[in-house]
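Undergrad: Can you keep this structure in mind? I'll have questions shortly.
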Amino acid sequence: MSTDAPERPGVPQESSLHERTPVGEEILRVTALTKHFPIRAGLTKRQVGKVHAVDGVEFELAAGETLGLVGESGCGKSTTGRTIVRLLDPTDGSIVFKGRDIAGYSRRQMREVRREMQIVFQDPYASLNPRITVREIVAEPLRIHGRYRGSHQGKDRVAELLTLVGLNPEHGNRFPHEFSGGQRQRIGIARALALNPQVLILDEPVSALDVSIQAQVINLLEELQDELGLAYVFIAHDLSVVRHISDRVAVMYLGKIVEIGERRAIYAEPTHPYTQALLSAVPISDPALRGKRERIVLEGDIPSPANPPSGCNFRTRCWKAEEICAEEDPALIDRFGHGHPSACHFAEPKAVIKAELNR
Amino acid sequence: MTEPILSLRGLVTEFRTADGVVHAVDHVSYDIYPGETLGVVGESGSGKSVTVMSILGLIPSPPGRIAGGEVLFKGRDLLKLSRKELQRVRGREIAMVFQDPMTSMNPVFTVGDQISEALLVHDPHMGDDKARARTVELLTLVGVPNPDSRFDQYPHEYSGGMRQRAMIAMAIANQPALLIADEPTTALDVTIQAQVLDVLEKAQRETNAATILITHDLGLIAEMADRVVVMYGGRVVEVGDVNTIFHAPRHPYTLGLMASLPRLDADLKRLEPIPGSPPSLINLPSGCAFHPRCRLTKGREVCRTDIPPLREVDGTGHRAACHFSEEMHAAVEQIEAETGVTLTGDSQ
Ligand SMILES: Nc1ncnc2c1ncn2[C@@H]1O[C@H](COP(=O)(O)OP(=O)(O)O)[C@@H](O)[C@H]1O
Ligand SMILES: Nc1ncnc2c1ncn2[C@@H]1O[C@H](COP(=O)(O)OP(=O)(O)O)[C@@H](O)[C@H]1O
Ligand code: SF4
Ligand SMILES: [Mg+2]
Ligand SMILES: [Mg+2]
């Protein structure tokens, strides 16, 4: 294996990139992040338009915290995650990781960043090579980065990782298909942790799992975070899961963040009409609340990101929309001085989950 | 008490596969009464869908086989009907809404033609014009905008939510007495789910049909069901009215589901997952199929040797299949303390 020492100009000093950012300090800042996919047509594959998958996303992440990124399918959550780890090239915007803008980094430069920031996908089966053993799957990133030194040290590290995620290291010589969905997700997590990163982008890591298994994986992620000081960007469409795991929450709609803030603030006092509709629409597993909640039913379907509405892109389904909404894109700003920005001209705090929260 | 409209009695359905016999439905019994919504909940592979497919004679054979039991619908055993007789019941008296409407709609016919056809099959004297008018009425009822022009569109021209609305329109076209909805909103986003649930409730009111709502989502059950059947490993483990099931569960599996569930309306201290994973239906654990994962069994032998019968626990029709269900009260309190969830508390 070749050395992993940085030799190219522009590659940050290993010492600084691989220094642990103290818990609570900013580790990632995304500004005006934009990703458009070209739409091509005809024999010449001429570009006839573009999908506004991510359209000016901004947030920051502190070391050791969890930011939940929530929204309905197609709103750009996965594209945001994949662009941040540079599996996709951003159309525009900056991605500042540990103080350096990695938005324009080359593949080679990204290799060093990948040691510190990893992504875990929803479907572990699709993302794990079915033909190699679990031990090899977990060892692979170590080998690529020249960290599988000496067969003993390497083996020990793999065994340690498998134990860390609650798998029996003796099962390391089995293949992915011999494991259940929950176990496969653990394998994916072990692999992501191999190089001891500080940030994990988790793209719907529990969405495909049944509730009892989902809870096991959520608890594992919480334990790992405490133990290893990890920061998570936790992408999901399940608002209850996001409430449970997040410190802060960002709500996305059609490529934009419409509201962001502390978890309690978002759930107890949502201010954006979309957040309110979303929260009011989630069934709550308590029959005593039946009929006591207002279910805000939005009209129509989500518009196509190939042709988003002008101004506020939620206006076509919004019950508050007025003329200004078609003309002016509302900025994501703190409108009530409570440190919890929302992007709506008519934002207004409103409790929608339970009347008791309405204090 | 009124008579049930449908009674399952000891239903057994198996599949012969290369790996062995899958005991998908293992002596399942439950009743559904006129006008009620019965929620059937359980994790994937617990036999929820195969149970209702058996009711409708939709089990592929081979590999499937209904090996025992009765399905009494309005007094007749559906398992004894000829294919033709069953076809008459299906679609007219019992209608179904699936998770993915694309599987039950024909892609080469327009949505309107398919609904009209459903009407005409059961009432050939209706005539095309009347069928079209009635179809447009149904599409209007379920909130499909511009139903006149939407009539002539194909299923793929509908969005997921719109297709599910059309599916509901087709299901209620002949005023069925029983509507079976199998994960009707699972593939939909939450704001679209809210729309479809509204339509489903409206369709129920309109037809006064009894509804079997199958879902893995306890939230949906809490919002929609009157009574609840909980399935595990191809068996019914608990039945009761919705409030009792949520506030006073008497089977450790039901409690385990609730303790595993993050809440939208509360900050929990922690989740308390059910350990291990769901059983293989080819090789079900002996005795109580839940025993390897159970917090109540504490190694007691009877759990490993005897299948617990589904028995009455408090004289209100609440039944649970656990040898030690009288110990559940303490177990519920323990879970409440561990997770911070309130089950029995003031919310009642
Ligand atoms: N590679 C791609 N090419 C073209 N469009 C894409 C591509 N990936 C995603 N999209 C589109 O971008 C939008 C956002 O998708 P995605 O980020 O996957 O959303 P989410 O994860 O929130 O469901 C969707 O409209 C999707 O169809
Ligand atoms: N055609 C089939 N062949 C073999 N096994 C089947 C078939 N259909 C269903 N099963 C098995 O029956 C069991 C119960 O399935 P199902 O009723 O679909 O579960 P649920 O609806 O609760 O998720 C599962 O183990 C499933 O794999
Ligand atoms: S019968 Fe035994 S193993 Fe089964 S649920 Fe009850 S206590 Fe647990
Ligand atoms: Mg996604
Ligand atoms: Mg099913």
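Undergrad: Which one is farthest from the other protein chains (Cβ to nearest Cβ), of the residues in segment A:259-274 that are open to solvent by 10 Å² or more (accessible area, probe 1.4 Å) and in contact with a helix residue (DSSP H, G or I) (Cβ under 7 Å, 6 or more places away or on another chain)?
TA: Filtering first and then ranking leaves A:ALA268.
Undergrad: What pairs come out if I take residues in segment A:75-90 that are away from chain B (no Cβ under 14 Å) and basic (Lys, Arg) and pair them with residues that are within 13 Å of ligand 4 (Cβ to nearest atom) and part of a loop (DSSP other than H, G, I, E, B) whose C-beta lies under 9 Å away, six or more apart or interchain?
TA: A:ARG82/A:LEU88
Undergrad: Further question on the same structure: Check A:LEU209 against each of (1) within 16 Å of ligand 5 (Cβ to nearest atom); (2) over 19 Å from the mean Cα position of the chain (by Cα) and name the one condition it does not meet.
TA: (2)
Undergrad: Tell me, which strands (runs of 3 or more DSSP E) wholly within segment A:1-90 include 2 or more residues that are out of contact with any helix residue (DSSP H, G or I) (no Cβ under 8 Å at 6 or more places or on another chain) and at pLDDT 95 or above?
TA: Hits in segment A:1-90: A:26-41, A:46-62.
Undergrad: Among the residues of segment B:33-80 satisfying the criterion of being in contact with a helix residue (DSSP H, G or I) (Cβ under 7 Å, 6 or more places away or on another chain), of a type outside the set (A, V, I, L, M) and within 14 Å of chain A (Cβ to nearest Cβ), which is farthest from ligand 2 (Cβ to nearest atom)?
TA: Among those residues, the one meeting the criterion is B:THR37.
Undergrad: Would you check if there is a residue in segment A:217-231 being within 16 Å of ligand 2 (Cβ to nearest atom), open to solvent by 10 Å² or more (accessible area, probe 1.4 Å) and in contact with a Gly (Cβ under 7 Å, 6 or more places away or on another chain)?
TA: No; the residues of segment A:217-231 include none that is within 16 Å of ligand 2 (Cβ to nearest atom), open to solvent by 10 Å² or more (accessible area, probe 1.4 Å) and in contact with a Gly (Cβ under 7 Å, 6 or more places away or on another chain).
Undergrad: A further question on this structure: Does B:ILE221 satisfy the condition of being touching a Gly at 6+ places or on another chain (Cβ under 6 Å), buried (at least 22 other Cβ atoms within 10 Å of the Cβ) and either of a type in the set (Asp, Glu) or touching a residue at least 60 places away in the same chain (Cβ under 8 Å) (or both)?
TA: So B:ILE221 passes the test.
Undergrad: Among residues belonging to segment B:265-276 that are at the interface with another protein chain (Cβ under 8 Å from one of its Cβ atoms) and over 14 Å from A:ILE218 (Cα atoms), point out the one that is surrounded by the fewest Cβ atoms within 10 Å (Cβ to Cβ).
TA: B:ASP267
Undergrad: Tell me, please, whether a residue that is assigned to a loop (DSSP other than H, G, I, E, B), open to solvent by 20 Å² or more (accessible area, probe 1.4 Å) and away from every other protein chain (no Cβ under 14 Å) can be found in segment A:174-191.
TA: Yes.
Undergrad: In the set A:ARG295, A:ARG248, A:ARG243, which member is within 8 Å of chain B (Cβ to nearest Cβ), touching a residue at least 12 places away in the same chain (Cβ under 8 Å) and in contact with a strand residue (DSSP E or B) (Cβ under 9 Å, 6 or more places away or on another chain)?
TA: Residue meeting the stated conditions: A:ARG243.
Undergrad: Let me ask another. Output yes when any residue across segment A:70-84 is open to solvent by 30 Å² or more (accessible area, probe 1.4 Å) and more than 16 Å from ligand 4 (Cβ to nearest atom), and no when none is.
TA: Scanning segment A:70-84, I find no residue that is open to solvent by 30 Å² or more (accessible area, probe 1.4 Å) and more than 16 Å from ligand 4 (Cβ to nearest atom), so the answer is no.
Undergrad: Could you check B:VAL230 against (1) away from every other protein chain (no Cβ under 14 Å); (2) outside any helix (DSSP H, G or I); (3) in contact with a helix residue (DSSP H, G or I) (Cβ under 6 Å, 6 or more places away or on another chain) and say which number it fails?
TA: Result: B:VAL230 passes all but (1).
Undergrad: Quick one: count up the residues across segment B:233-243 that are within 8 Å of chain A (Cβ to nearest Cβ) and aliphatic (A, V, I, L, M).
TA: Total meeting the criteria: 1.
Undergrad: A further question follows. Starting from residues that are within 13 Å of another protein chain (Cβ to nearest Cβ) and in a loop (DSSP other than H, G, I, E, B), keep the ones in segment B:277-297 and report whichever is most open to solvent (accessible area, probe 1.4 Å).
TA: Top of the filtered list is B:ARG295.
Undergrad: Go through (1) under 30 Å from A:HIS171 (Cβ atoms); (2) open to solvent by less than 50 Å² (accessible area, probe 1.4 Å) and name the single condition A:LYS98 misses.
TA: (1)
Undergrad: Sticking with this structure for a sec: Select, from A:ALA321, A:ALA343, A:ALA277, the only residue that is facing chain B (nearest Cβ under 10 Å), at pLDDT 95 or above and open to solvent by less than 50 Å² (accessible area, probe 1.4 Å).
TA: Checking each option against the conditions leaves just A:ALA277.
Let's see how each residue does on (1) at pLDDT 95 or above; (2) in contact with a strand residue (DSSP E or B) (Cβ under 9 Å, 6 or more places away or on another chain):
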{"position": "B:ASP306", "(1), (2)": "yes, no"}
{"position": "B:THR316", "(1), (2)": "no, yes"}
{"position": "B:PHE324", "(1), (2)": "yes, no"}
{"position": "B:MET328", "(1), (2)": "yes, yes"}
{"position": "B:ALA337", "(1), (2)": "no, no"}
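Undergrad: Pick out the one residue from A:LEU228, A:LEU254 that is more than 7 Å from chain B (Cβ to nearest Cβ) and either farther than 27 Å from A:GLU160 by Cβ or of a type in the set (Gly, Ala, Ser) (or both).
TA: The match here is A:LEU254.
Undergrad: Considering segment B:112-132 alone, what residues qualify as being touching a Phe, Trp or Tyr at 6+ places or on another chain (Cβ under 8 Å) and crowded, with 20+ Cβ neighbours inside 10 Å?
TA: If the condition is that a residue be touching a Phe, Trp or Tyr at 6+ places or on another chain (Cβ under 8 Å) and crowded, with 20+ Cβ neighbours inside 10 Å, then B:GLY112 is the only one that fits.
The values are calculated or read from the model by the stated rules, or taken from the named source; none is laboratory data. The structure displayed is predicted, hence computed values, not measured ones. A quick note on method: Cβ atoms are made from the backbone with ideal geometry, for glycine too, and the neighbour counts reach across all protein chains shown. Ligands, DNA and RNA are stripped out before the accessible areas are found, and what is left, the full protein with its side chains, is counted by its heavy atoms. Shrake-Rupley method; radii C 1.70, N 1.55, O 1.52, S 1.80 Å.
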